Amino acid sequence: MKLFQAMMSRRRFLQTSTAAGAVGATAAGVTGLSGLTQSTEARAARPRGETKVTKNICHQCPARCGIDVYTTNGRVHAMYGDTGNPIANGKLCPKGHLGSYFLYDPDRFKGPMKRTNPRKGRNEDPGFVPISWEEAFDTVAARLNNLRERGESHRFAHFYGRGWGASDAGLYGDFGKLYGTPNSAIGHASMCAEGSKKAKHATDGNNSYNAHDLRKTNYLLIMGASFLEAFRPYNNMMQMWGEMRSKSPKTRVTCVDVRMNPTMAASDRALYIKPATDGAFALAVAHVILTESLWDRDFVGDFKDLNQRFRTGERIMPGSFDEKWVHGLTEWWNEELKDRTPEWAEGITGIPARHIRQTAIEFGSTRPAVAIFERGPTGHTNGTYNGMAIHSLNALVGSMFTEGGLFYQMGTPYGGLPANADDYLDDYARNGPWKSQPRIDLARTAEWPMTSTMMQEAGPNHLKGTPYKMDTAMFYSTNPIWTAPDPKAWEEALKDVFVIDTSPFPGETAMYADIVMPESTYLERLQDSPTYPFEGWPMSALRVPAIDPIYDTKHFGDMLIEIGKRINGPTGEFYRIIDNVENVLRHRAKGFENNPGDNGVRDFESWKEKGVWYRKPYHWRFIRGDFYEWEGQRYSKRMTAAEVKQKLLRTPSGKFEFKSGYLEQYADYINKELGVPVERVGLVQWVEPRHTGGNRDLYFVTPKTPMHAEGRGANIPHAAAIHQPVAGGRGTVYLELHPDTARSRGIRNGDKVKITSDLGSIEAECRFVASHRPDTIILPFEFGHWAQGRWAKDRGPGHSGELTANVSDPISGLASYYTGKVTLTKA
Ligand SMILES: Nc1nc2c(c(=O)[nH]1)N[C@H]1C(S)=C(S)[C@@H](COP(=O)(O)OP(=O)(O)OC[C@H]3O[C@@H](n4cnc5c(=O)[nH]c(N)nc54)[C@H](O)[C@@H]3O)O[C@H]1N2
Ligand SMILES: Nc1nc2c(c(=O)[nH]1)N[C@H]1C(S)=C(S)[C@@H](COP(=O)(O)OP(=O)(O)OC[C@H]3O[C@@H](n4cnc5c(=O)[nH]c(N)nc54)[C@H](O)[C@@H]3O)O[C@H]1N2
Ligand code: SF4
Ligand SMILES: [Mo]
């Protein structure tokens, strides 16, 4: 009853906030207009300058919405969603409009600086003094040349968070190869959402996020993905929600989460799950789809004897099922699924068996149906297996590459660079001692053999001196001293590393910098951005500077190129040919000459004008049992099994694998790390999570909210003012908890509380939210900065990261942000 009330009021909140938005807009329009009629003549007499509209991309989250930036007399005064950008469609999320705060942030770094105080720490003033860009580049290049001469170039590392494209993070690979370091670059994916990619890698062979055709989806199962707050591309997800929920028949939505959030409130069915148990839920759904005969015959196949059935607890005969595009179904059923009933899953997930069964029957009998998941199920030690179980549902109902289903994002057909790095390798680059050195984070070594990156390990590894100590580290759009799990380890680690930070404004990592090379904000820089997975067809947007940099700042890509020019030997030559970011982009845009975009973009100039190149449709489709390729008019070219394996289902078997050949290659490792018997490693299965915090009694979850801009937005006062939709936070962030959880601890609504994990304690003010799980407390991520701008610094609750132990899923390497247990007391 209480839950229902909370959901209703939540729904009302959504409705009224939309309605209020509409009324507000009309009212403003009307007053604006009537105001105009009275004063137009007076204003027209004294025109106040030309308004220029330039194309750009919002940088506050990975949605990468295209924006029109309005600049009058050299001042940016407005930005709107670009009507010609397929993600934005003329709309933005509430954060998008706030972009000029970054540009005019009074706390911005005004130009390059060097540190004068050798001591580093929270309470140390870095003593930054201005230097010229020449001095900044020369200092860094001298260090790097010196390391190279000593045969220690591997001790230089590049770290990055939000990379955008060919003009920034896309330049790292060549740099590492030419200069000679395995650490160019270490990306933050293992602190982000690597788990869902790995789950897909293990089952369908694509190490990637999915693209979706949500307009045509008729059933959506959302598991631990914040569809109406974060799921990518966020702004477009809200538009898709509108489409799905207003079409006929409307898309039915079941949402599974550990807390009440806007997506739960707006769904047809909201299921509260015990954290980290999503795999058990999904396996039970799979069990029902098979026992109720709801699987997709065209994709999965069928029994040879059509009278045969899947029956709970009964094995099927090997060889009795003809698999079509799946691999391992028989073993999956016999060794795992046959006993995974809804009743079994109820015991693990806490979700009543009848809800699991209903969800399964709906999901299995509606086409097309899609199951999505992100950091919720994967932010745990069993994350990859949880994700595999959920993704298997997409295969069982035949949604892979189907209309209304899931795809993988196509790349942009960019032109080549004016020089090829392989032609500029000297002997050191080819055979130097760096070649035998592992990465500082030990990704892709025996320590973390299955991961592509392990950024959270780099700081602790440096502290231990294993595999070596870093000498110099350059940070681009990442702030591990604040966002990494157990960030205090990074505070210690970076004390004796020469740090180069490129942030436009202060942050924790920047306070440890020896050299600050401030980047221009996104409204001042030229930069490309191929889309994150969206609808599958290729797309690449462009940031066109609205104004020249208002301070002495540069684009990160230009910094990298300038450092490159100063590296001794052929590396310098290579970068003199690459020259600058604009040159890079002009060459990349040559790829559009033979592939003109649907909006007419065919070169650099038209790309700048329209702000985006894209070309529909998606090239492949599964139709009634076969895969087809687009031939200019229709999906008419039937693909061979070999083509499907090469282009779409890139697993060892060329099929969707319920028994993963990829995982089997690492059987001993997985057995050692997770205790799964060697012969079972490949199976999609239930694996018990290991929560940190042992016998502490509350789960601690730190999700994203609509106004949260990763670790970059805490200094935007307006965003802070409306941060927390469920608890109604104003100007701070509250710990959300169930009243029963509070009362049994003598805590009242609004009290200051102390949250304690194995790592330490932080304080927060609490708000009762009767619709949360009583065993789970929620503190949205973003506040608790000790070094950001004036609106972020020393404000709000403590920083949730300081309670988060550095424990990761051994398969994907994703840091287990949502797995820690804590205790709660009155402060
Ligand atoms: N507004 C906004 N959007 C963003 C970002 C942002 O900063 N702000 N950042 C972007 C980035 S970098 C990323 S990685 C994505 C992340 O996108 P998401 O993964 O969708 O977002 P999260 O908030 O991390 O987590 C999703 C949900 O998982 C729930 N959850 C936690 N544990 C469990 C569990 O065990 N089971 C289940 N079923 N649910 C659980 C949380 O309550 C939360 O509602 O968002 C992107 N979009
Ligand atoms: N407790 C907890 N921790 C989390 C999460 C969570 O949910 N809970 N989420 C995790 C996730 S999903 C992610 S993706 C990571 C993100 O963590 P990070 O990789 O650290 O990325 P950001 O927090 O966005 O930090 C980017 C930093 O880049 C700088 N910056 C901002 N704008 C620019 C720019 O235009 N140019 C340059 N050069 N620098 C800029 C700022 O100093 C900012 O501090 O955090 C993770 N940490
Ligand atoms: S913050 Fe909002 S407007 Fe900006 S890219 Fe993300 S969804 Fe788009
Ligand atoms: Mo992320």
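The values are calculated or read from the model by the stated rules, or taken from the named source; none is laboratory data. Please read all numbers here as calculations on a predicted model, not as lab measurements. Here Cβ is always computed from backbone atoms with ideal geometry, including for glycine, and neighbour counts include all displayed protein chains. SASA here: full protein model, heavy atoms, side chains in, ligands and nucleic acids out. Shrake-Rupley method; radii C 1.70, N 1.55, O 1.52, S 1.80 Å.
Some observations on this one:
Conditions (1) farther than 18 Å from residue 795 by Cα; (2) near ligand 1 (Cβ under 10 Å from one of its atoms); (3) among the aliphatic types (A, V, I, L, M), marked per residue:
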position: 687; (1), (2), (3): yes, no, yes
position: 709; (1), (2), (3): no, yes, yes
position: 716; (1), (2), (3): no, no, yes
position: 723; (1), (2), (3): no, no, no
position: 728; (1), (2), (3): no, no, no
position: 733; (1), (2), (3): no, no, yes
position: 738; (1), (2), (3): yes, no, no
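- Qualifying position, being within 27 Å of residue 395 (Cα to Cα) and either within 16 Å of ligand 3 (Cβ to nearest atom) or not hydroxyl-bearing (Ser, Thr, Tyr) (or both), among 701, 676, 726: 676
- Looking only at segment 78-92, residues that are part of a loop (DSSP other than H, G, I, E, B) and within 16 Å of ligand 2 (Cβ to nearest atom) come to 0 in all.
- Count of residues meeting criterion [within 17 Å of residue 139 (Cβ to Cβ) and part of a loop (DSSP other than H, G, I, E, B)] in segment 540-562: 1
So that you can scan it fast, the table gives a plain yes or no per residue for (1) among the aromatic types (Phe, Trp, Tyr); (2) in contact (Cβ under 8 Å) with a residue 24 or more places away in the chain; (3) assigned to a strand (DSSP E or B):
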position: 606; (1), (2), (3): no, no, no
position: 609; (1), (2), (3): no, yes, no
position: 627; (1), (2), (3): yes, yes, yes
position: 650; (1), (2), (3): no, yes, no
position: 662; (1), (2), (3): yes, yes, no
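- For segment 343-380, the candidate set comprises residues that are outside any helix (DSSP H, G or I) and surrounded by fewer than 24 Cβ atoms within 10 Å (Cβ to Cβ); within that set, the residue that is nearest to ligand 4 (Cβ to nearest atom) is 374.
- Among the residues of segment 718-740, just one is in contact with a strand residue (DSSP E or B) (Cβ under 7 Å, 6 or more places away or on another chain) and assigned to a helix (DSSP H, G or I), namely 739.
- Residue list for segment 214-230, filter: in contact with a strand residue (DSSP E or B) (Cβ under 7 Å, 6 or more places away or on another chain) and surrounded by fewer than 22 Cβ atoms within 10 Å (Cβ to Cβ): 218
- Scanning segment 226-254 for residues that are touching a Cys at 6+ places or on another chain (Cβ under 9 Å) and within 15 Å of ligand 4 (Cβ to nearest atom) turns up 230, 232, 233, 234.
- Count of segment 258-282 residues which are open to solvent by less than 10 Å² (accessible area, probe 1.4 Å), among the aliphatic types (A, V, I, L, M) and farther than 20 Å from residue 817 by Cβ: 4
- Qualifying residue in segment 563-577 (condition: under 30 Å from residue 501 (Cα atoms), open to solvent by less than 40 Å² (accessible area, probe 1.4 Å) and assigned to a loop (DSSP other than H, G, I, E, B)): yes
- Among the helices (runs of 4 or more DSSP H) confined to segment 429-508, the ones with at least 3 residues that are open to solvent by less than 10 Å² (accessible area, probe 1.4 Å), within 16 Å of residue 159 (Cα to Cα) and free of Cβ contacts under 8 Å to residues at least 60 places away in the same chain are located at 455-464.
- Among the residues here, residue 348 qualifies as among the aliphatic types (A, V, I, L, M) and in contact with a Ser or Thr (Cβ under 9 Å, 6 or more places away or on another chain).
- The criterion of being within 15 Å of ligand 2 (Cβ to nearest atom), closer than 30 Å to residue 140 by Cβ and more than 19 Å from the chain's Cα centre (by Cα) does not hold for residue 179.
- Residue count for segment 388-428 under the criterion of being touching a helix residue (DSSP H, G or I) at 6+ places or on another chain (Cβ under 6 Å), assigned to a helix (DSSP H, G or I) and open to solvent by 10 Å² or more (accessible area, probe 1.4 Å): the result is 2.
- Conditions (1) among the acidic types (Asp, Glu); (2) open to solvent by 10 Å² or more (accessible area, probe 1.4 Å); (3) away from ligand 4 (no atom under 16 Å from the Cβ): number failed by residue 657: (2)
- Residue identified as farther than 29 Å from residue 644 by Cα, at pLDDT 95 or above and among the aliphatic types (A, V, I, L, M) among 276, 282: 276
- Considering segment 175-191, and only residues there that are open to solvent by 10 Å² or more (accessible area, probe 1.4 Å) and part of a helix (DSSP H, G or I), the residue that is farthest from ligand 4 (Cβ to nearest atom) turns out to be 177.
- Residue check for residue 306: open to solvent by 80 Å² or more (accessible area, probe 1.4 Å) and away from ligand 1 (no atom under 16 Å from the Cβ): yes
- Test for residue 217: is it closer than 28 Å to residue 553 by Cβ and in contact (Cβ under 8 Å) with a residue 60 or more places away in the chain: no
Yes or no, residue by residue, for (1) closer than 23 Å to residue 256 by Cβ; (2) modelled with pLDDT of 95 or more; (3) within 16 Å of ligand 3 (Cβ to nearest atom); (4) assigned by TED's automatic domain parsing to the domain that holds residue 245:
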{"site": "118", "(1), (2), (3), (4)": "no, yes, no, no"}
{"site": "131", "(1), (2), (3), (4)": "no, yes, no, no"}
{"site": "179", "(1), (2), (3), (4)": "no, yes, no, no"}
{"site": "183", "(1), (2), (3), (4)": "no, yes, no, no"}
{"site": "186", "(1), (2), (3), (4)": "no, yes, no, no"}
{"site": "199", "(1), (2), (3), (4)": "yes, yes, no, no"}
{"site": "202", "(1), (2), (3), (4)": "yes, yes, no, no"}
{"site": "216", "(1), (2), (3), (4)": "yes, yes, no, yes"}
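- The selection criterion, being open to solvent by 50 Å² or more (accessible area, probe 1.4 Å), under 25 Å from residue 281 (Cα atoms) and not basic (Lys, Arg), holds for residue 675.
- Screening the candidates 802, 763, 782 for the property of being at pLDDT below 95 and either in a strand (DSSP E or B) or within 27 Å of residue 273 (Cβ to Cβ) (or both) yields one hit, 782.
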